[in-house]
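Accompanying notes for the structure given below.
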Ligand code: ACO
C-alpha cells in the first residue's frame, strides 16, 4: 500500500529577535503579562524587504540538502500562509521562481493556523493517488508587518512571530509507515472572531484612508472564544486520528500542537493524558507563526533526534475560520 512519508524537513526564522520587553516602548504591556498568559518569551521579525517566500526558500534549501535532493526533484509546491507576500498571485509562484522550477504546479492554501494540516491533506492525496511524486509543503508567515503596535492592538501584537518551515513529502511502500490519516474541519459561524477586515474585495475601495485611520487593516480576535474552541477541538481531532488507526494516546511518541498559546497546549496535553515528554512546544522562542508553527516545531524535533523510524507522530491545529484538524504519521 502506498503512503506518504516525510523525506526531510527544514526551517528558517529571521535573525532579529524581539523580546517581550521591547513591546513596552510601543504599548502598555509587560514581559510578565505576556509570559504568564501565553508562555512567549521572544519572537523573530523579518528585516525590511525580507518576505515569506525568502524565508521559505532558505527552509527549502535546508530540507533539500538533508534529503540529498535538487530543487528539480520537486514535482509540486503547496504553500500555506495567511500572510501572502501580495494580494495576488499566491506566494507559491514566488518561491517556485526562486527555486528555478517553471512549470511545476503551485497551490496556495489559506487556512491560517490549520494551513499546514490542510496542505498535508492535499499533498497526501496527490502522492497516494500517484498524481505527484515529490511535494514541497510549506508553512511561512510574516506577521510583523501587519500588527497594530499600539496599546489598542496589544492583545494580538505580542502573540505573533515570523518564520517558515517546510517538509518534502514522497511515496513509500514501506508497510505501515507514512501518513496514517489527516482530518480537517471548519466552521465559518465564527469567521469574524479572528479576522482581518481590510484590504478586502468585499468593499469598494478595497483599502481606504478610513481603513487606515480606524485600524481596520489590523487583525481582531475574541481571545477567550478562540481559547475555548482551540482547547476542545484539538483534543477531539487527536482522538479521532487515533481512533481511525486503532491507536491510543499511549502509542504517541511525539505530539506537536499548533503553537498559539502555551496554556492551550498544556490544557490539550492534560486532556489527552500525555506526559511532558510526549509533547513539543517552542512558542517560547517564536510566538505564533501560524502555518509555520507545526513545520518549524517538527524540524526542531527531527534535528534533535527525537523521532525514530516507526515512531507515532501526531499533529493538531486550530485557528481562524474557525478551522482545525489533525494528522497521524508513522515516522
Ligand atoms: N499586555 C497587557 N495587557 C493586555 C495585553 C497585553 N499584551 N493584551 C490584553 N491585555 C489586557 C486586556 O485588555 C484585558 O484588560 P481588561 O481586563 O482591563 O479589559 C486583560 O489584559 C485580560 O485580557 P483577557 O483577554 O481576559 O486575557 P486572556 O487571559 O484571555 O488572554 C490571550 C488573552 C492570551 C489572547 C488568550 O485569550 C489567547 O491566547 N487566546 C487564544 C489565541 C489563539 O489561540 N489564537 C490562535 C489562533 S491564531 C490564528 O489562527 C491566526
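Based on the Cβ-Cβ distance of residue 15 and residue 86, what FRET efficiency does E = 1/(1 + (r/R0)^6) give at R0 = 22 Å, to the nearest 0.05?
Calculated value: 0.40.
Within the stretch 1-22, find all residues whose amide N lies under 20 Å from a label point positioned 7 Å from the Cα of residue 251 along Cα-to-beta-carbon.
Once the point is set 7 Å along Cα→Cβ of residue 251, 1-6 turn out to lie under 20 Å by backbone N, inside the stretch 1-22.
Is the shape of the stretch 12-51 best called rounded, prolate or oblate, per the rule: a/c under 1.5 gives rounded, else a/b larger than b/c gives prolate, else oblate, with a ≥ b ≥ c the square roots of the Cα gyration tensor eigenvalues?
Oblate.
Mind pulling the angle between the C-alpha long axis of helix 52-67 and the longest principal axis of the chain? Nearest 10 degrees, somewhere in 0 to 90.
Approximately 20 degrees, to the nearest 10.
Evaluate the relative contact order of the stretch 3-172 (contact order divided by residue number), counting alpha-carbon pairs under 8 angstrom at least 6 apart; express in whole percent.
The value is 36 percent.
DSSP beta bridges in the chain, what fraction antiparallel, as a percent rounded to 5?
Bridges in the chain that DSSP calls antiparallel: roughly 70 percent.
Rank the residues 108, 162, 48 as a footprinting-exposure proxy: fewest other Cβ atoms within 10 Å of their Cβ go first.
Neighbour counts put them in this order, fewest first: 48, 108, 162.
Between residue 133 and residue 173, how many nm apart are label points set 7 Å from Cα along the C-beta direction?
1.3
Please work out whether the stretch 1-90 counts as rounded, prolate or oblate from its C-alpha gyration tensor, where a ≥ b ≥ c are the square roots of the eigenvalues and a/c under 1.5 means rounded, while otherwise a/b larger than b/c means prolate and anything else oblate?
In terms of gyration-tensor shape, prolate.
I need 243, 128 ordered by Cβ neighbour count within 10 Å, fewest first.
243, 128
Where both partners of a DSSP beta bridge lie in the stretch 178-330, what percent of those bridges are antiparallel, to the nearest 5?
Here the antiparallel bridges make up roughly 80 percent for the stretch 178-330.
When DSSP assigns beta bridges and you keep just the ones with both residues in the stretch 3-172, what percent turn out antiparallel, to the nearest 5?
70
Note the full-extension length gain between residue 244 and residue 203 as 0.36 nm times their separation in residues minus their Cα-Cα distance, in nm to one decimal.
10.4 nm
Relative contact order for the chain using alpha-carbon pairs under 8 Å, separation at least 6, rounded to a whole percent?
Here the relative contact order equals 26 percent.
Using the basic label-point model (7 angstrom from Cα toward the beta carbon), what is the residue 25 to residue 149 distance in nanometres?
Placing both labels 7 Å beyond Cα along the Cβ direction yields 0.8 nm.
As a test of the formula, what do you get for the chain when each DSSP H run with n ≥ 4 contributes -39,500 (n - 2.57) and the sum is divided by the residue count, at 222 nm and rounded to the nearest 500 deg cm²/dmol?
After summing the helix terms and dividing by the residues of the chain, the value is -9000 deg cm²/dmol.
How much length, in nm to one decimal, is gained on full extension between residue 277 and residue 47, taken as 0.36 nm per residue of separation minus their Cα-Cα distance?
Computed gain between residue 277 and residue 47 is 79.3 nm.
Relative contact order for the stretch 178-330: what percent, with Cα pairs under 8 Å and sequence separation of 6 or more?
Answer for the stretch 178-330 is 37 percent.
Cα-based Rg of the chain per 2.2 N^0.38 Å, rounded to two decimals?
Ratio of Rg to 2.2 N^0.38 Å for the chain: 0.95.
Specify the angular offset, from 0 to 90 degrees and rounded to the nearest 10, of the alpha carbon long axis of helix 115-129 from the longest principal axis of the alpha carbons in the chain.
In the chain, helix 115-129 runs at an angle near 30 degrees to the longest axis.
Hey, what angle do you get for helix 262-271 against the long axis of the chain, alpha-carbon based, 0 to 90 degrees rounded to 10?
That works out to roughly 40 degrees.
If you rank 293, 320, 245 by fewest surrounding Cβ atoms within 10 Å, what's the result?
With the sparsest Cβ surroundings first, the list reads 245, 320, 293.
Based on the alpha-carbon gyration tensor of the stretch 210-331 and its eigenvalue square roots a ≥ b ≥ c, which shape applies: rounded if a/c is under 1.5, prolate if not and a/b is larger than b/c, or oblate?
Prolate.
Between residue 125 and residue 65, what is 0.36 nm times their sequence separation minus the Cα-Cα distance? Round to one decimal in nm.
Taking 0.36 nm per residue and subtracting the Cα distance, the gain is 19.1 nm.
Throughout, read-outs are computed from the coordinates displayed, never taken from laboratory work. All of these numbers come straight from a predicted model, not from anything done at the bench. Quick reminder, even Gly has a Cβ in these numbers, built from the backbone with ideal geometry, and neighbours come from all protein chains shown.
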